[in-house]
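**Student:** First the structure, then my questions, so here it is.
The values are calculated or read from the model by the stated rules, or taken from the named source; none is laboratory data. Here the structure is a predicted model, which is why all the values come from computation and not from measurement. So basically every Cβ, Gly included, is an ideal-geometry build from the backbone, and we count neighbours across all protein chains shown. Keep in mind that these areas ignore ligands, DNA and RNA; they rest on the heavy atoms of the full protein, side chains included. Shrake-Rupley method; radii C 1.70, N 1.55, O 1.52, S 1.80 Å.
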Amino acid sequence: MPLKLHNPDSVAAPLGRYSHTVEVPAAARLLYLSGQVPVRPDGTTPEDLAGQADQVYANIVAILADRGAAPDSIIKLTTFVTEDDDGSDCVRKARAKHLGEHRPASTAVFVTRLVDPAWKIEIDAVALLA
């Protein structure tokens with residue numbers, strides 16, 4: 001059951017690695033992922049935003065794999081980031097590393113802080129299960 005990604009010509013093209021709409025097939029099973037934080041399986045957390053973004057996406061991909069889904073099954077991502085000075089573009093690089101060319105619908109929000117002040121990023125997702 002493939003997703004249909006679409007960007008209508010009637011609005012500006014996406015400004016990043018996302019699509020304006022994602023159509024889900026009828027009778028699809030959906031998987032909702034809780035907000036993933038940058039905690040490794042051993043309980044440690046990378047200190048910098050680049051390491052944290054990489055870990056969050058790794059966690060998302062691992063959860064999807066556990067349910068038999070690939071990264072291109074992601075329908076929607078919501079990203080919460082506490083640092084608005086991402087001069088190295090590390091969040092986009094982590095996304096590209098783990099999601100490749102897949103461009104799900106997405107929202108990104110800068111927030112003052114997350115539950116643990118050491119966390120700089122949290123991402124939740126909705127995915128399609130085959």
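**Student:** With equal scatterers on the alpha carbons only and no solvent term, can you work out the Debye log10 of I(q)/I(0) for the range 1-64 at 0.27 1/Å?
**Tutor:** Log10 of I(q)/I(0), two decimals: -1.09.
**Student:** Let me ask something else. What is the sum of charges, Lys and Arg at +1 and Asp and Glu at -1, for the other residues whose Cβ falls under 12 Å from the Cβ of Leu30?
**Tutor:** Value of the local net charge: +3.
**Student:** Here's another thing I want to ask about it. For every other residue with a beta carbon closer than 10 angstrom to the beta carbon of Thr78, add +1 if it is Lys or Arg and -1 if Asp or Glu, then tell me the sum.
**Tutor:** -1
**Student:** Work out the length of the dipole vector of the range 67-109 about its Cα centre, built from +1 on the beta-carbon of each Lys and Arg and -1 on the beta-carbon of each Asp and Glu, and round it to the nearest 20 debye.
**Tutor:** With only Lys, Arg, Asp and Glu charged at Cβ, the dipole is about 320 debye.
**Student:** Run the numbers on the chain and let me know its relative contact order in percent, using alpha-carbon pairs under 8 Å that are six or more apart.
**Tutor:** Averaging sequence separation for qualifying contacts and normalising by length gives 37 percent for the chain.
**Student:** Shifting gears a bit: Which of the listed residues, Gln55, Val115, Thr78, is farthest toward the dipole's positive end in the chain, when Lys, Arg count +1 and Asp, Glu count -1 at the beta-carbon?
**Tutor:** Selected residue: Thr78.
**Student:** Would you work out the Kirkwood radius for the chain? I mean one over the mean of 1/r across all pairs of different Cα atoms, in Å.
**Tutor:** 15.2 Å
**Student:** Per residue, how large is the accessible surface of the chain? Use a 1.4 angstrom probe and give square angstrom.
**Tutor:** 57 Å²
**Student:** With +1 on each Lys and Arg Cβ and -1 on each Asp and Glu Cβ, and nothing else charged, work out how big the dipole of the chain is about its Cα centre, in Debye to the nearest 20.
**Tutor:** 460 debye
**Student:** Given the options Pro104, Pro46, Pro117, state which has the largest fluctuation in a GNM of the chain using a 10 Å cut-off (strictly under) for Cα springs.
**Tutor:** Highest fluctuation of the listed residues: Pro117.
**Student:** Return the single residue from Leu49, Leu15, Leu114 with maximal mean-square fluctuation; model: Gaussian network over the chain, springs between Cα atoms under 10 Å.
**Tutor:** Ranking Leu49, Leu15, Leu114 by mean-square fluctuation puts Leu15 first.
**Student:** Related question: If you find the alpha carbon centre of the range 29-80 and of the range 81-130, how far apart are they in angstrom?
**Tutor:** The range 29-80 and the range 81-130 have Cα centres separated by 9 Å.
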